[in-house]
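The values are calculated or read from the model by the stated rules, or taken from the named source; none is laboratory data. All of these numbers come straight from a predicted model, not from anything done at the bench. Reconstructed Cβ throughout: ideal geometry from the backbone, glycine too, with neighbour counts over all protein chains shown. Note: accessible area is taken over every heavy atom of the protein model, side chains too, but ligands, DNA and RNA are not part of it. Shrake-Rupley method; radii C 1.70, N 1.55, O 1.52, S 1.80 Å.
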Amino acid sequence: MTSVIDTAGFPDGGNTVRRWSRAVSMATVPVTVASYGTPATQGRMTTQPLAHLLFVTTEADPQCFTRSRRRIAHDAGRTEGFVVVAVMGATGAVLQQDGRTVELAAGTLALWDTERPCVVDFPRGVDTKACLVPRRVLGVRDDQLQRVTATVIDADGPVAALVAPFLVTLAETAADCPEHVAGRLACNFTDLVATLITERSAGDRAGRVGSRSTRTWEVCAYVDRHLGDPELGPDTIAAAHNISVRSLHKLFEGEGITVSRLIQRRRLQECARDLARGDNGERTISGVARRWGFTDPAHFSRLFRTAYGMSPSRWRDTRGGAVSSDRSAVMDGPSPTSAENDHRTPCKLRPAPSGQGKRDWSPAVTKHSKTVALTCGEVATHGVPAKSRDQREGEVASRHGQSPASAGECGREGA
């Protein structure tokens, strides 16, 4: 169901940036938005779900999006974690994450993780097509993802050359995709993104063969390739790498996890990924468990419940907890309002709920056929570390003679 946020539909007067920040946060992931200049901004965002994916097309005035450590901690357990895959339009962007700052030119493909602090700055305006891929279905290791976020990904690379145009096409056509193929297309795109991350993270190790970190990475890659083998364990891994079991354990002393726990965690992650994708209706839970090396269904169920807080069957039925088991549940209030007959309808306006003091007209956005009230009373500071924020503003000012509005100018909206 297509949803549209358009500042043209906001009420006259007031802090447009604050309303835009709140609307964007409700439609995608909670963020703080800082504008360049005044507390007014113009923007349009279209979101379109495709099975477990969410495609987002945005055009807006110059602004900066922040996911701070404080914001992430506040959202823990409330907001799902995503990997954002984005193709930059003509305006480009500046991306900060994991201690890296990279300028993204037009046509560049980039990734960032919403579960770690990041800043995405658009000093020349926002022009992007992006896809939010749930971490629960991606099936890549954290260390692999961290080596790829906030890097320039050449769209002409062998895998990126497939990901970028596929993303753009799905963002433009997902609304017309037949339901019986939507899940397959979403899984195909998810697998391509996982392949891209694996490819890029492996390339990052090039030239460092022989180092301890590279040897550890090689063992992790071996584990990933043999997860389905019930006999996979320290003995078989050590033999495959011509080292002793003692040396293997010593190799992982500084990794914060034992080899056996690594195998178990990766098997559980792949089972969770398969069950959450929704395209395995013909496969039983025990079949998924066997596919990834678990031979005892009861033992698997106990491990899964401990790791994910719910049974494998509930995880499957709720797509990893992302879908309410109560199909009639409505987010934040009123009865659902469908937008399926008007894919370009700006956000609707309705009075804020009574009993909240001063009467205020708040925008609402239709998301997945549910109308969500967008109140603008939530306040938080911008979560950019002082050093990186000052550095970023200095760079932007030197290039463009301007800087983002302060937290006060932006209404200090905490999305």
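A few notes on this one:
- In plain terms, the chain from T258 to T284 could stretch by 6.4 nm, reckoned as 0.36 nm per residue minus the Cα-Cα distance.
- For R266, net neighbour charge (Lys/Arg +1, Asp/Glu -1) across residues whose Cβ lies under 10 Å away: +2
- In terms of accessible area, using a 1.4 Å probe and ignoring ligands and nucleic acids, H74, H241 rank largest first as H74, H241.
- Overall form of segment 1-142 per C-alpha gyration tensor (a/c, 1.5; a/b vs b/c): rounded
- Cα gyration tensor shape of segment 1-60, rounded if a/c is under 1.5, else prolate or oblate by comparing a/b with b/c: prolate
- Part-to-part distance (alpha-carbon centres) for segment 1-61 and segment 222-249, which is given in Å: 49
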